[in-house]
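The values are calculated or read from the model by the stated rules, or taken from the named source; none is laboratory data. Predicted model only: the values in this text are computed from it and were never measured. Heads up, the Cβs are rebuilt from the backbone with ideal geometry, glycines too, and the neighbour counts pull from every protein chain shown. For accessibility, only protein heavy atoms count, side chains too; no ligands or nucleic acids. Shrake-Rupley method; radii C 1.70, N 1.55, O 1.52, S 1.80 Å.
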Amino acid sequence: MSTGPGSEPAARETTSTPTDGLSLREIVYHRLRDEILNGRISPRERLTEPKLGKTFEVSRTPVREALSRLLSDGLIERTDFGYAVVVPSLEDLRNLYELRITLELRGIQRAIENPSVVHDEAALRTELEFWVGLRDDPPAPDPSFVLLDERYHQVLSASSGNAQLTEALVAVNQKIRAVRMHDFVETSRIATTIDEHVEIIELVLARRLPEALTALHKHVGESLEVVMERATSAMTRMALAG
């Protein structure tokens with residue numbers, strides 16, 4: 001683990017965050033998150049408050065708050081001796097991705113099957129405006145972009161009117177977030193995601209639902225093997241630290 005002062009950034013896919021204006025707990029959080037996402041913390045390494053406090057030369061309070069946030073992000077999990085980086089098995093990941101695709105598509109499928117199901121136009125237009133803004137001024141690659149991506153899919157699902165369906169989708173996305181974060185460290189991935197988000201909502205608003213379903217299917221992973229290839233690469237990078 002290379003979180004000590006003066007540590008060198010990774011040569012590729014570094015996701016370091018400027019610390020100007022951030023609180024101490026935010027600095028600890030961002031540096032720990034970057035270490036995890038860049039594979040510099042072994043999945044077998046124990047993360048404890050005393051150890052991290054010594055590493056960052058801070059008290060336990062900002063470390064505790066940073067760990068709590070990382071726990072909510074799904075990047076770490078509690079163990080008998082502190083915390084550890086979450087690394088789901090490939091089998092579990094495959095099953096969760098299959099479930100995610102099913103849940104994602106169902107929101108539009110139910111509207112196709114039942115003409116009385118109409119998407120919430122106001123919610124979709126608000127979300128569309130946000131993503132059009134990002135298309136005009138795209139953000140720099142950063143793993144935290146996954147949170148915006150999850151919000152988009154939550155809004156899209158919720159707009160179809162089935163709250164339980166959306167709750168299930170949110171739960172699945174939280175479980176695979178630690179791996180999906182690695183998808184958003186390249187400019188091209190950010191640009192493609194934004195363009196596809198805009199296209200899908202525009203199709204839904206135009207009531208071109210079959211086309212929207214096809215576009216969404218492609219977006220979330222028409223080829224599960226491609227998704228697994230990206231996930232395997234990300235998980236291998238994390239495991240190499242061990």
| Could you say whether any residue in region 95-114 is farther than 19 Å from residue 174 by Cβ and among the acidic types (Asp, Glu)? | yes
| note | Within region 141-150, of all residues that are part of a loop (DSSP other than H, G, I, E, B) and in contact with a helix residue (DSSP H, G or I) (Cβ under 6 Å, 6 or more places away or on another chain), the one modelled with the highest pLDDT is 141
| message | Can you list residue pairs whose Cβ atoms sit under 6 Å apart, with the first residue in region 86-109 being hydroxyl-bearing (Ser, Thr, Tyr) and the second being open to solvent by less than 20 Å² (accessible area, probe 1.4 Å)? Count only pairs 6 or more apart in sequence or on different chains. | response | 97/227
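Answer with yes or no whether residue 138 is crowded, with 19+ Cβ neighbours inside 10 Å and not in a helix (DSSP H, G or I). Show your work before the answer.
Working: crowded, with 19+ Cβ neighbours inside 10 Å: no; not in a helix (DSSP H, G or I): yes.
The answer is no for residue 138.
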| said: For region 12-48, which positions are at pLDDT below 90, more than 21 Å from residue 179 (Cβ to Cβ) and assigned to a loop (DSSP other than H, G, I, E, B)? | reply: 18, 19, 20, 21, 22, 23
| Those residues of region 64-75 which are modelled with pLDDT of 90 or more and open to solvent by less than 20 Å² (accessible area, probe 1.4 Å), in sequence order | 66, 67, 70
| Which of the residues belonging to region 156-183 are open to solvent by less than 40 Å² (accessible area, probe 1.4 Å) and under 20 Å from residue 115 (Cα atoms)? | 156, 157, 159, 160, 165, 166
| said: For region 151-225, give me every one of the helices (runs of 4 or more DSSP H) that falls completely inside it and has 2 or more residues that are hydroxyl-bearing (Ser, Thr, Tyr) and farther than 26 Å from residue 91 by Cα. | reply: 187-205
| field | Residue satisfying all of: in region 79-112; of a type in the set (D, E, K, R) and out of contact with any helix residue (DSSP H, G or I) (no Cβ under 7 Å at 6 or more places or on another chain); surrounded by the most Cβ atoms within 10 Å (Cβ to Cβ) among these | value | 110
| query | Which one of these does residue 201 not meet: (1) open to solvent by less than 20 Å² (accessible area, probe 1.4 Å); (2) at pLDDT below 90? | reply | (2)
